[in-house]
Amino acid sequence: MTIPNKNMVRSLKEGDNNTFNLLYRKYYHRLLCFANSYVKDSFIAGNLVQDAFMALWENREKLASDTNVPSYLLTIVKNKALNHLNHLKAKTKVEENIQTHYLRELELRCSTLNACNPEQMFQADVETIIQRTIELLPERCGKIILLSKVDGLSNKEIAEKMNISLKGVEYHITRALKLLRENLGDYLTCLLIFLINIFS
């Protein structure tokens, strides 16, 4: 790219459309090829180059007399292309993180389900463990978990029936389920409610 002389810069600063159109015709395609070689999308590359020429026109009055206009345009295109690529990179990382999280969740579901032994669900010792675990709980806690999992009452209904706060109900249910998980093992994670309903 040749360096425009000072007269060309002066003409731009004065708002000469002919000078601007001359620059556009001379450098548009070269800048487009440059941008497209990085962004790999002719439509986006075209927008970047258009934006660069628009920026040149809007900032023409601020140009220094010795401005290398082609280099000025190329710098704008470069920076805009770089911003675009950085945005794509960040977006791709987010999508990869979401996908990785989802895959991990699926793996956890599969491993939990794989560890579940259907035959054990109906063994007397499992029922005994559940009964004994509930018996070990404080009276109110044991009653609340039975109202929730056996009688099928909502937390709000239990709170009204037991005359305690909703958070109190949630606390007792969480405490009971934690103890049941510890006593029944990993396979309970996906089948706890079903196991408890054996008593219904």
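The values are calculated or read from the model by the stated rules, or taken from the named source; none is laboratory data. Remember, it's a predicted structure, so these values are computed and weren't measured experimentally. Here the Cβ is made from the backbone with ideal geometry for all residues, glycine too, and neighbour counts use every protein chain on show.
Could you tell me whether LEU108 is on the phi < 0 side of the Ramachandran plot and modelled with pLDDT under 80?
Values: on the phi < 0 side of the Ramachandran plot: yes; modelled with pLDDT under 80: yes.
Taking the combined requirement at face value, the residue satisfies it.
Figure legend. Inter-residue proximity from the range 65-78: first residues at pLDDT 85 or above, second residues surrounded by fewer than 19 Cβ atoms within 10 Å (Cβ to Cβ), beta-carbon distance below 6 Å, spacing 6+ or different chains. Indicated pairs: ASN68/ILE3; PRO70/MET1; ILE76/ALA55. Would you check which residues across the range 147-172 are modelled with pLDDT under 85 and either assigned to a helix (DSSP H, G or I) or charged (D, E, K, R) (or both) and list them? Answer for the range 147-172, where residues must be modelled with pLDDT under 85 and either assigned to a helix (DSSP H, G or I) or charged (D, E, K, R) (or both): SER148, LYS149, ASP151.
Sort out which residues of the range 40-58 are in a loop (DSSP other than H, G, I, E, B) and surrounded by 13 or more Cβ atoms within 10 Å (Cβ to Cβ), and write them in order of number. Before you say what the answer is, go through the steps one by one.
First, pick out the residues of the range 40-58 that are in a loop (DSSP other than H, G, I, E, B): 40-41.
Listed by number, the list holds a single entry, ASP41.
Taking residues in the range 126-154 that are outside the structural domain of TYR171 (by TED's automatic domain parsing) and closer than 15 Å to GLU170 by Cβ, and partners anywhere that are exposed (fewer than 12 other Cβ atoms within 10 Å of the Cβ) and among the small types (Gly, Ala, Ser), not one pair has Cβ atoms closer than 6 Å while being at least 6 places apart or on different chains.
Just one of the listed residues (SER11, SER65, SER37) is small (Gly, Ala, Ser), buried (at least 18 other Cβ atoms within 10 Å of the Cβ) and either over 40 Å from the mean Cα position of the chain (by Cα) or assigned to a helix (DSSP H, G or I) (or both), namely SER11.
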